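I have placed the structure first, in the form of structure tokens, so that the comments after it can refer back to it.
The values are calculated or read from the model by the stated rules, or taken from the named source; none is laboratory data. The model shown is predicted, which means the values in this text are computed figures rather than measured ones. Here the Cβ positions follow ideal geometry from the backbone for every residue, glycine too, while neighbour counts run over all protein chains shown. The accessibility values were calculated without ligands, DNA or RNA, using every heavy atom of the protein model including side chains. Shrake-Rupley method; radii C 1.70, N 1.55, O 1.52, S 1.80 Å.
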Amino acid sequence: MKPISFIIPSRNNLKYLKQAYESIRKNSSVEHEICIADDASTDGTMEQVLVWMKRDKNIKLHVNKGPERLGHTILYDTLVNEYATHDVVMIFHADMYLCPNSDIEIEKHLEPGKVVSLTRIEPPLHPDGPEKILLDFGIEPEEFKEQELMNYLNSDKDFQHKETSNGI
């Protein structure tokens, strides 16, 4: 398994970031690197990441003290170019949840110079598209129906064996 550098910018999304971090640690086949950028948050993001860093040697933190935010694009570049140490990087939003075996599935499709993207499952808040599946397993972390998601992933054999697409 090739190690992945997860790239996560965040601004005042601590409750989502906690769930994203926990899902990466819980559902990965190996302990990947997690590079987090705190974009001038005022919700305790930096303090929480520092706590994680005391027990998790594979977290890196970039802090924009602000007060102006830098935004995702600048922070993606900063984390990829200055913090990530692996050849494979994954752009990961603070409000995402990594499903089991995602890293294994990604590796199956990796080739030099190729972009690989997982299919998103998200609540129907935005228009449908070929890159996602609209299903509601909760919007807020405290509403997240993790077991229902796992049941769906395990029961829908068609979902597990769908062909890959050329992207969008």
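Give the Debye-formula value of log10 I(q)/I(0) at each listed q (0.18 Å⁻¹), with one equal scatterer per alpha carbon of segment 31-162, two decimals each. Results for segment 31-162 at q = 0.18 Å⁻¹ read -1.29.
In loop segments of segment 59-128 as defined by DSSP, the GluC sites (Glu not before Pro) with at most 15 further C-beta atoms inside 10 Å of their C-beta are Glu68.
What FRET efficiency would be calculated for the residue pair Lys54, His86, taking the C-beta separation as r and a Förster radius of 25 Å, to the nearest 0.05? Plugging the Cβ-Cβ distance into 1/(1 + (r/R0)^6) gives 0.65.
Only helices enter the 222 nm calculation for the chain: every DSSP H run of n ≥ 4 contributes -39,500 (n - 2.57), and dividing by all residues gives -10000 deg cm²/dmol, rounded to 500. Kirkwood's formula applied to the C-alpha pairs of segment 1-104 gives a hydrodynamic radius of 13.5 angstrom. Our compactness index for segment 22-62, the C-alpha radius of gyration over the empirical 2.2 N^0.38 Å, is 1.19.
With a Förster radius of 22 Å applied to the C-beta separation of Leu125 and Lys15, the computed FRET efficiency comes to 0.80.
Accessible area per residue for the chain, computed on protein heavy atoms with a 1.4 Å probe, is 61 Å². Sparse packing (at most 13 other Cβ atoms within 10 Å of the Cβ) combined with a DSSP loop state is found for the following trypsin sites (Lys or Arg not before Pro) in segment 52-90: Lys57, Lys65.
Per the Debye calculation on segment 95-159 with a single equal scatterer at every Cα and no solvent contribution, log₁₀ I(q)/I(0) for q = 0.12, 0.18, 0.19, 0.21 Å⁻¹ amounts to -0.36, -0.79, -0.87, -1.02. The count of lysine pairs in segment 1-87 with alpha-carbon distances below 17 Å, taking only pairs 8 or more places apart or on different chains, stands at 6. Within the accessible area of segment 97-141, the carbon and sulfur atoms contribute 55%, probe 1.4 Å, all protein chains present. Over all Cα atoms in segment 1-50, the spread is summed up by Rg and Dmax: 11.3, 37 Å.
Quick one: net charge around Cys99, please, counting Lys, Arg +1 and Asp, Glu -1 for every other residue with C-beta under 11 Å from its C-beta. Kindly include the intermediate steps, with their values, before the conclusion.
On the way: positive: Lys26, Arg120; negative: Asp103, Glu105, Glu146.
Neighbourhood net charge equals -1.
Modelled spin labels at Leu135 and Val116, positioned 7 Å past Cα toward Cβ, are 2.2 nm from each other.
Share of Cα-Cα pairs in segment 37-83 beyond 17 Å, in percent?
The calculated P(r) of segment 37-83 puts 35 percent of pairs beyond 17 Å.
When the residues Ile7, Ile104 are ordered by accessible surface, computed with a 1.4 Å probe over the protein chains alone, the sequence from largest down reads Ile104, Ile7.
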